[in-house]
Amino acid sequence: MTEQEALAKMISPGMVRSGKPAGGVIQIIITSVCNFSCYNCTQGSNLIRKPWFMSLEQFEQACLSLEGYFGTVGVFGGNPCTHKEFPAICAILRKYFPKEKCGLWSNDPITAENAQAARTTFSESRSNLNVHLDKA
């Protein structure tokens, strides 16, 4: 394949991706913190960087920037449920997107309050709960 052929096949994140659920997924990373320290973590959570949390203002701006997005809007991290303002994050997401367009990538809701906020906000069919073979 030539460079021009490869460029002709590229699509931007704002374009529908055939064969993908809902035509695509965009994830907003709200924290680097996780309750695990898995050596194979794709985000390097708790391994390579200082802990950080996205502010509520930054999260709202991210949601505003996705106005009209056709696919799934996901919340990701580390473990997004470790965010100290996770229920407020969920409330902001609900303000801009219907439940059927919202996804959560997490390994544990951490608290009952977070679990309730997640149930209210995120579609089960657009989310991934990765329990890492946790027996607890």
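The values are calculated or read from the model by the stated rules, or taken from the named source; none is laboratory data. This structure is a prediction, so every number in the text was calculated from the model and none was measured. Backbone-built Cβ (ideal geometry, glycine too); neighbour counts: all protein chains shown. Surface accessibility is based on the protein's heavy atoms, side chains included, excluding ligands, DNA and RNA. Shrake-Rupley method; radii C 1.70, N 1.55, O 1.52, S 1.80 Å.
Residue separation of I11 and Q116 scaled by 0.36 nm, minus their Cα-Cα distance, works out to 34.1 nm of gained length.
Based on the convex hull around the alpha carbon atoms, the stretch 75-136 presents an average projected area of 4.0 nm². Solvent-accessible area per residue in the stretch 1-111 equals 58 Å², computed with a 1.4 angstrom probe and all protein chains kept. You can think of it this way: the chain between E100 and K84 has 3.3 nm of extra reach, that is 0.36 nm per residue less the Cα-Cα gap.
On full extension, the segment bounded by I26 and C41 gains 3.5 nm, given 0.36 nm per residue less the C-alpha separation. C63: net charge of surrounding residues, Cβ under 12 Å, Lys/Arg +1, Asp/Glu -1, itself excluded? Summing Lys and Arg as +1 and Asp and Glu as -1 gives 0.
When the Cα atoms of the chain are aligned to their principal axes, the ranges along those axes come out at 50, 35, 28 Å in descending order. Quarter the surface of the alpha carbon convex hull of the stretch 39-118 and you get the mean projected area, 5.7 square nanometres. At a 1.4 Å probe, what is the % contribution of carbon and sulfur to the accessible area of the chain? Of the solvent-accessible surface of the chain, carbon and sulfur hold 56 percent.
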